[in-house]
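The values are calculated or read from the model by the stated rules, or taken from the named source; none is laboratory data. Just so we're clear, the structure is a prediction, and the values are computed from it rather than from any experiment. We place every Cβ from the backbone using ideal geometry, glycine too, and count neighbours over all the protein chains shown. Surface accessibility is based on the protein's heavy atoms, side chains included, excluding ligands, DNA and RNA. Shrake-Rupley method; radii C 1.70, N 1.55, O 1.52, S 1.80 Å.
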Amino acid sequence: QVQLVESGGGPVQAGGSLRLSCAASGRAFSSYVMGWYRQAPGKEREYVAAVTRSGSHTYYADPVKGRFTASRDNSKNTASLQMNSLKPEDTAVYYCAAAPSLAQFTITSEVEYWGQGTQVAVSA
């Protein structure tokens with residue numbers, strides 16, 4: 001079992017920045033691909049970013065490329081999402097997630113562990 005707890009969400013104006021954090025406990029953190037999903041009101045949960053097990057590679061969904069930066073610290077069992085140049089369409093509940101492989105991470109139904117979510121609200 002892996003438990004994931006997010007923090008760092010909140011209200012922000014368009015153009016601003018937020019940093020989300022995810023604290024993990026339980027089984028070997030470094031054996032999982034970590035990353036982030038989000039779900040806006042009335043929409044399906046969507047993939048945002050992924051970080052490989054070692055942290056050496058990151059991958060992003062097109063809407064956030066160049067604005068968001070995902071990272072992890074295996075020594076502290078934490079993952080982070082730095083969000084810059086935020087837009088109103090970034091408003092959503094953001095979830096920390098873990099999956100055994102990158103391919104599985106990008107498929108919502110294949111994600112093995114989820115956090116409880118943290119709300120991000122971007123105003124125009």
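Values as computed for the structure displayed
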| read-out | value |
| --- | --- |
| Test: residue in the stretch 114-121 that is open to solvent by less than 20 Å² (accessible area, probe 1.4 Å), at pLDDT 95 or above and part of a loop (DSSP other than H, G, I, E, B) | yes |
| Residue count for the stretch 101-113, restricted to those that are open to solvent by 40 Å² or more (accessible area, probe 1.4 Å) and closer than 13 Å to THR52 by Cα | 4 |
| Matching residues, the stretch 50-59, being more than 10 Å from the chain's Cα centre (by Cα) and either part of a strand (DSSP E or B) or exposed (fewer than 13 other Cβ atoms within 10 Å of the Cβ) (or both) | SER54, SER56, HIS57, THR58, TYR59 |
| Looking only at the stretch 67-88, and only at residues there that are in contact (Cβ under 8 Å) with a residue 40 or more places away in the chain and not in a strand (DSSP E or B), the one that is most open to solvent (accessible area, probe 1.4 Å) | LYS87 |
| Failed item, numbered, when VAL33 is tested on (1) at pLDDT 95 or above; (2) over 14 Å from TYR113 (Cα atoms) | (2) |
